[in-house]
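A.B. asks: Before we start, here is the structure in question, set down as structure tokens.
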Amino acid sequence: MATDTSKKIAFLTSNEGIEKAELVEPWQAVVDAGHEPVLLAPEAGEADLYEHLDKAGSQKVDATVGGADAGEYDALVLPGGVANPDSLRLDADAVAFVRDFVASGKPVAAICHAAWVLVEADVVRGRAVASWPSLQTDIRNAGGEWRDEEVVTDGNLITSRNPSDIPAFNNALLEALAHGAAGTS
């Protein structure tokens, strides 16, 4: 149910390889808080969800990222999964959308391997970022400071390491939606 304080939240994924918990749990937290989530992907149709390497359902894509305008959304969520962000960072429209969104100053929340898309968009330079541990060299090579923490908020970037961090990730996202992007923590 939309209210005067309801916000429109873009969830950006590829069309396959999304870690299910990292999409559906933040999605539900956004819905429960009274906001409107919208799933963007490179192609119309469905986005395939996985529990690690096993297919675990799908979710309808609401709009394609090529036709999306960052100005229409109040925040951006980038779920992980290994294949999802690896594919997404090869999509020029998706990378441009992420770059524009980070530049807007509005909240951008990325979990697990989704930090690869932030690296590709060249938005981690001088920023503290949490991610799956295997991305730490990529983040450092892109000029970021990798942190092994449950959730890291640096300006408008909110990042977490893995599905175990989802409660803290969701709390940081909802806090940013309620009060705007924060400073560094």
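A.B. asks: Go through (1) charged (D, E, K, R); (2) loosely packed, with under 14 Cβ neighbours inside 10 Å; (3) under 16 Å from L173 (Cβ atoms) for D74 and report which single condition fails.
C.D. replies: (2)
A.B. asks: Something else now. Return the residues of region 1-20 that are buried (at least 21 other Cβ atoms within 10 Å of the Cβ) and not in a loop (DSSP other than H, G, I, E, B); say none if nothing qualifies. Quick ask: steps written out before the conclusion?
C.D. replies: Quick first cut of region 1-20, residues buried (at least 21 other Cβ atoms within 10 Å of the Cβ) only: 9-14, 17-20.
Across region 1-20, the qualifying residues are I9, A10, F11, L12, I18, E19, K20.
A.B. asks: Tell me which of these N156 doesn't satisfy, since it passes every other one: (1) over 11 Å from the mean Cα position of the chain (by Cα); (2) over 24 Å from H35 (Cα atoms); (3) open to solvent by less than 20 Å² (accessible area, probe 1.4 Å).
C.D. replies: For N156, the failing item is (2).
A.B. asks: Can you confirm whether E25 is of a type in the set (D, E, K, R), touching a residue at least 12 places away in the same chain (Cβ under 8 Å) and assigned to a helix (DSSP H, G or I)?
C.D. replies: When the stated conditions are applied, E25 passes them.
A.B. asks: Hey, can you tell me all the residues within region 175-185 that are at pLDDT 90 or above, hydrophobic (A, V, I, L, M, F, W, C) and open to solvent by 50 Å² or more (accessible area, probe 1.4 Å)?
C.D. replies: If the condition is that a residue be at pLDDT 90 or above, hydrophobic (A, V, I, L, M, F, W, C) and open to solvent by 50 Å² or more (accessible area, probe 1.4 Å), then A178 is the only one that fits.
A.B. asks: Of all residues in region 114-142, which are open to solvent by 10 Å² or more (accessible area, probe 1.4 Å) and touching a residue at least 40 places away in the same chain (Cβ under 8 Å)?
C.D. replies: The one that is open to solvent by 10 Å² or more (accessible area, probe 1.4 Å) and touching a residue at least 40 places away in the same chain (Cβ under 8 Å): W132.
A.B. asks: Return a yes/no flag: does region 37-59 have any residue that is in a helix (DSSP H, G or I), open to solvent by 40 Å² or more (accessible area, probe 1.4 Å) and not acidic (D, E). Spell out how you get there, then give the answer.
C.D. replies: So the first thing to find is which residues in region 37-59 are in a helix (DSSP H, G or I), and the list is none.
The answer is no; no qualifying residue exists.
A.B. asks: Could you give me the residue pairs with C-beta distances under 9 Å whose first residue belongs to region 77-105 and is within 25 Å of S164 (Cα to Cα) and open to solvent by less than 10 Å² (accessible area, probe 1.4 Å), whose second residue is of a type in the set (F, W, Y) and outside any helix (DSSP H, G or I) wherever it lies, and which are 6+ apart or on separate chains?
C.D. replies: V77/F11; L78/F11; P79/F11; G80/W132; G81/Y50; N84/Y50
The values are calculated or read from the model by the stated rules, or taken from the named source; none is laboratory data. Because the structure is a prediction, the values reported are computed rather than measured. Backbone-built Cβ (ideal geometry, glycine too); neighbour counts: all protein chains shown. These area figures cover heavy atoms from the full protein model, side chains too; ligands, DNA and RNA do not enter into them. Shrake-Rupley method; radii C 1.70, N 1.55, O 1.52, S 1.80 Å.
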